[in-house]
1. Can you give me the Rg/Rh ratio for the range A:417-493, using Cα atoms for both radii and the Kirkwood formula for Rh?
2. From the gyration tensor of the Cα coordinates in the range A:322-379, what semi-axes in whole Å does the equivalent ellipsoid have, largest first, with each one equal to sqrt(5λ)?
3. With the other protein chains left in place, how much accessible area per residue, in square angstrom, belongs to chain A at a 1.4 angstrom probe?
4. Which residue, A:Cys461, A:Ala426, A:Gln449, has the largest displacement toward the positive end of the dipole of the range A:414-496 when charges sit on each Cβ (Lys, Arg +1; Asp, Glu -1)?
5. Please give the FRET efficiency for A:Lys168 paired with A:Arg695, using the beta carbon to beta carbon distance and R0 = 51 Å, rounded to the nearest 0.05.
6. Taking only the Cα atoms of the range A:153-203, how large is their convex hull per residue, in Å³?
7. For chain A, with only Lys/Arg (+1) and Asp/Glu (-1) charged at the beta-carbon, what is the dipole magnitude about the Cα centre, in debye rounded to 20?
8. Beyond a 29 Å Cα-Cα separation, which of these cross-linked pairs lie in this structure: A:Lys168/A:Lys500; A:Lys55/A:Lys573; A:Lys311/A:Lys500; A:Lys175/A:Lys500; A:Lys88/A:Lys602?
Amino acid sequence: MSEPRDATPVNQGRAGEAEEGTRAGYPFRALEERAQRRWSDDRLFEIGDPMAAEKRFYCLNMFPYPSGDLHVGHGRNYILGDAVARLKRMQGYTVLSPMGWDAFGLPAENAAILNQIHPSIWTKRNIARMKEQLHAWGVGFDWTREIASCDREYYRWTQWIFLKLHEKGLAYRAKGAVNWCPSCQTVLANEQVEGGACERCGTAVAMRDLEQWYFKITAYADALLDDLSLLQQWPAKVRVMQANWIGRSEGASIRFVVAGEMAPLEVFTTRPDTLLGATFLAVATEHPLVTRLREEGKLGAEAEAFIDRLKRARIENRFAIEAEKEGFDTGVTVAHPLTGTPLRVWIANYVLMGYGTGAIMAVPAHDQRDFEFATKYGIPIVEVIRPETGPGYDRKAAYEGEGRMVNSGAFDGFSSEEGKRVVTDALKAKGAGESRVNFRLRDWLISRQRYWGAPIPIIHCATCGIVPVPEKDLPVVLPDQVAFKPTGESPLLSNEAFLKVDCPKCGGAARRETDTMDTFVDSSWYFMRFLSPRLETAPFDKDAVNRWLPVNQYIGGVEHAILHLLYSRFIVKVLRDLGLVTFSEPFERLFTQGMITKDGNKMSKSKGNVVPPDALIQRYGADTVRLYTLFIGPPEKDAEWNDRGVEGAYRFLARYWKMVEDVAGAQSVKGGREAPSAGSAAVDATSWAASGPARELRRRVHQLTQQICDDMDRFHLNTAVSGLMQLVNSVQDFQSAGGDPRMNEVREA
RNA sequence: GCCCGGGUGGCGAAAUUGGCGAGACGCAGGGGACUUAAAAUCCCCUGGGGGGCAACCUCCGUGCAGGUUCGAUUCCUGCCCCGGGCACCA
């Protein structure tokens with residue numbers, strides 16, 4: 001953004017003695033203002049008709065939540081994206097680089113409660129402020145395509161997508177144990193719980209039985225896992241995290257006949273080879289069997305007290321009970337499917353209702369948890385797997401490795417590997433089980449009992465039940481007038497006019513759904529809206545989206561490695577199956593940048609270590625801040641902000657500017673053409689003497705140019721900057737040695 | 001506990017992924033020039049030890065211990081730290 005040849009007097013913009021502003025004769029303010037003006041005059045960042053572009057590149061920064069002020073850490077994201085976008089532009093691509101706002105969400109609502117300011121006003125104010133900052137930073141976006149997820153023309157289509165999922169049976173309402181944040185007063189998705197605490201506020205999450213809306217992401221578990229192999233240009237780390245989150249495991253489903261009953265008790269295991277070592281069964285407290293026993297009054301008072309205690313502990317904090325294995329014998333007996341041996345069914349605190357069937361076969365000799373439980377309650381332990389070499393089960397701890405089957409009758413001698421197969425086959429022959437794949441991934445809970453989100457487009461009718469809002473009635477507009485109290489109920493309940501509605505089916509009096517959607521629904525499709533941000537007839541222009549997507553380069557923080565990225569992948573696959581898009585993955589290449597820390601900590605208002613960009617830009621210019629941000633370290637790694645480093649970047653630019661002036665002077669200036677974006681330093685070869693030093697410099701220039709381009713392709717922006725520094729050093733060495741090159745040079749971003 | 005990363009100068013970091021001398025580039029530090037002085041700017045030095053008046057010479061150095069190789073920051077084995085993710089997932 002700084003071009004040579006501008007005779008602006010030095011010390012432009014000096015504001016008194018306090019400001020060192022433009023020392024060293026580097027008139028950044030004038031240069032930057034002029035560059036900005038020209039970019040906007042040239043509409044440099046706009047792509048025009050999306051269908052016209054031949055060489056396309058879609059470079060996207062994760063759109064931010066408009067929380068207020070940006071700090072230099074946020075800037076890294078945009079500056080990296082800007083560098084990539086500019087490089088691609090210089091390489092002749094039409095680059096789409098849009099910006100928008102993930103504008104629904106809790107902070108706005110909390111601000112409303114706290115400061116009596118409406119979320120929409122608070123949000124708009126923040127957006128205006130952040131836009132100003134982005135502009136000052138010199139980051140180039142196509143602002144004609146700006147979107148905000150809280151705009152009714154945007155969330156209208158979020159609702160539309162909900163309806164499509166509902167049509168397909170992929171959006172459903174169900175009652176079950178859900179995560180509840182007592183502080184945010186809303187339910188949370190499984191993905192939004194970190195170590196038992198709310199990812200937003202850190203409050204310990206409780207469990208509640210509530211009826212909620214879900215997206216059936218589990219229907220795509222296999223596809224989401226398999227297609228990770230298409231994402232070779234994602235960081236391996238992110239792929240691994242997603243794979244672990246989806247958590248596919250292969251094993252067997254086994255049915256145990258319950259004494260005196262028709263319905264068997266089904267369990268899932270990854271180790272059917274240990275079946276002969278199963279000495280008891282264990283179920284979760286919420287298991288249907290337990291529920292029924294209680295209803296029938298078949299559990300004693302002691303058992304009831306035990307369940308109550310566990311439940312209460314879970315309401316307080318479901319993870320606070322990790323320490324010790326506890327359980328209670330239900331008295332129910334099942335038959336071992338192969339031997340017929342009776343096995344007791346226990347209720348155990350370590351069995352989770354949310355995984356598998358909520359019931360397990362316990363093999364104490366080969367599972368540490370079962371071992372601890374069996375030891376505590378005096379349940380028999382039978383060794384059935386012995387390793388080929390080394391120690392196996394030793395009565396002190398379970399042996400969880402593989403080996404050969406023992407104490408398993410006809411199966412003795414099989415390896416674990418073979419055992420899994422032959423035991424499963426035996427079960428299948430008896431109709432007592434079959435092989436089965438299980439996932440850790442659970443359906444995505446999308447309803448929230450909060451105001452500032454897209455209303456779920458559903459109507460509850462006493463006669464027709466759940467009725468989707470007809471497409472023509474979209475959007476279901478979020479009303480302005482509501483009571484902002486964190487009551488645990490949706491604030492929309494307080495607005496009668498919103499609530500009351502005629503049933504679209506029978507015309508009778510009905511009631512609107514008052515929950516809103518998780519903001520991750522908003523952000524799971526926004527990257528497609530940018531192609532046709534004002535389209536009124538569809539969420540996006542199909543042709544344009546299919547032409548431009550997947551996003552070529554997506555840039556954002558690792559904190560979204562699971563949530564946002566998994567949800568977006570899911571929604572894209574659903575839209576693909578609906579015939580709306582032709583691609584299967586939204587983001588071709590992903591880059592997750594590291595955090596910028598200050599005093600070793602993440603920047604936060606509460607820690608008081610936030611580095612705002614404004615004063616720095618004022619003092620040194622945007623180029624300095626941008627250059628330093630790129631130079632601070634490898635972009636994927638965390639880096640510590642250092643004000644001295646900013647000085648260094650400034651010194652470099654000043655030096656560079658001086659060099660350009662010298663060269664321009666030597667060139668007798670007038671040619672006038674300003675070489676806006678040639679992409680790399682180019683030397684006018686014709687004027688080069690074949691003499692030693694000039695030749696040497698020329699060589700060096702070409703070498704470094706090559707290196708800088710390679711570095712940028714590999715995202716080594718820090719070394720690309722160092723390459724530029726070396727380039728300038730070389731030219732200066734040459735100049736001071738008496739050289740007089742004529743050159744046009746240009747900076748990258 | 002399991003799964004990923006990563007340990008290089010006072011500091012941030014380079015080394016095009018086994019190759020001619022590790023530490024580019026920058027920060028900090030030291031010395032000098034300019035100045036009445038300061039700021040800014042410019043020049044030189046800066047991993048550690050030892051030697052030489054000197055352009056230099058020499059030894060040791062990429063977390064630790066081994067190994068493969070003509071050659072290892074890079075590959076292999078074991079160990080020690082640091083960061084991150086998942087966490088009673090059967």
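1. 1.35
2. Ellipsoid semi-axes (Å, largest first): 18, 14, 12.
3. That works out to 43 Å² for each residue.
4. Checking the options against the dipole of the range A:414-496, the answer is A:Ala426.
5. The computed FRET efficiency comes out at 0.15.
6. 110
7. 680
8. Cα-Cα > 29 Å for A:Lys311/A:Lys500; A:Lys88/A:Lys602; rest within.
The values are calculated or read from the model by the stated rules, or taken from the named source; none is laboratory data. Just so we're clear, the structure is a prediction, and the values are computed from it rather than from any experiment. Cβ atoms come from the backbone with ideal geometry, glycine included; neighbour counts cover every protein chain shown. For the accessible areas, the whole protein counts, side chains as well, though only heavy atoms, and no ligand, DNA or RNA atoms are used. Shrake-Rupley method; radii C 1.70, N 1.55, O 1.52, S 1.80 Å.
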